[in-house]
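See below for the structure under consideration.
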Amino acid sequence: MKGIYYDTFKSPIGMLYMVFSGGYLTAVSFKKPAGIQYRAGSAPDGLIRQLREYFGGSGVVFNQKIRFLRGTDFEKRVWTTLREIPYGETRTYKWLAERIGMPKATRAVGRALSKNPIPIILPCHRVIESDGSIGGYSSGVDIKRRLLELEYYSKKAMV
């Protein structure tokens, strides 16, 4: 499907709105996209299958093609590096800053994560504070906690 369109996915943590540009995923939101008139379309079957597996407790690795329509080069580096965090595990803001080669940029990493346009697929919920506290989440700490619990208990069941 060409052009910009959206599809929905009913998840255990609420409705997900996925925005696509051509075959590329450009955004995931818990709120219906506003401002631009998107037309309804169909998400790729593979992504829907992977979302079902993910919310079903499988350690799926998302392989959906993505495209960033906004963001600085720094933000894009932060977002892309999120794919290195394994399912059911967490890393710290400091780890992420070090991983992108900017060890003193932990606050900037946090700001970049708050702008992540593709949560869940790019798992910013897996980033926590160095002291083990949960930290923030653009869609709310309750959703972050639920995602972390889903992954933790699912991974534990897999072992």
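The values are calculated or read from the model by the stated rules, or taken from the named source; none is laboratory data. These numbers come from a predicted model, not from an experiment. Positions of Cβ are generated from backbone atoms using ideal geometry, with glycine treated the same way; all protein chains shown enter the neighbour counts.
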**Q.** Options GLU89, GLU129, GLU98; residue that is in contact with a strand residue (DSSP E or B) (Cβ under 8 Å, 6 or more places away or on another chain) and either surrounded by fewer than 18 Cβ atoms within 10 Å (Cβ to Cβ) or more than 24 Å from GLY59 (Cα to Cα) (or both)
**A.** GLU129
Q. Within the set of pairs 6 or more residues apart or between chains, which connect a residue that is within 19 Å of GLY22 (Cα to Cα) and among the polar types (S, T, N, Q) inside the range 53-74 to a residue that is at pLDDT 95 or above and surrounded by 13 or more Cβ atoms within 10 Å (Cβ to Cβ) with Cβ atoms less than 6 Å apart?
A. GLN64/LEU25; GLN64/LEU47
Q: May I ask you to list the residues in the range 101-125 that are surrounded by fewer than 17 Cβ atoms within 10 Å (Cβ to Cβ) and touching a Ser or Thr at 6+ places or on another chain (Cβ under 8 Å)?
A: SER114, LYS115
Q. Looking at SER139, is it modelled with pLDDT of 95 or more, polar (S, T, N, Q), outside the structural domain of LEU47 (by TED's automatic domain parsing) and within 25 Å of TYR24 (Cβ to Cβ)?
A. no
Q: Go through the residues of the range 25-32 one by one and say whether even a single one is surrounded by fewer than 18 Cβ atoms within 10 Å (Cβ to Cβ), over 15 Å from PRO123 (Cα atoms) and under 17 Å from the mean Cα position of the chain (by Cα).
A: yes
Q: Might you let me know whether the range 63-82 holds any residue that is aromatic (Phe, Trp, Tyr), under 24 Å from GLY14 (Cα atoms) and at pLDDT below 95?
A: no
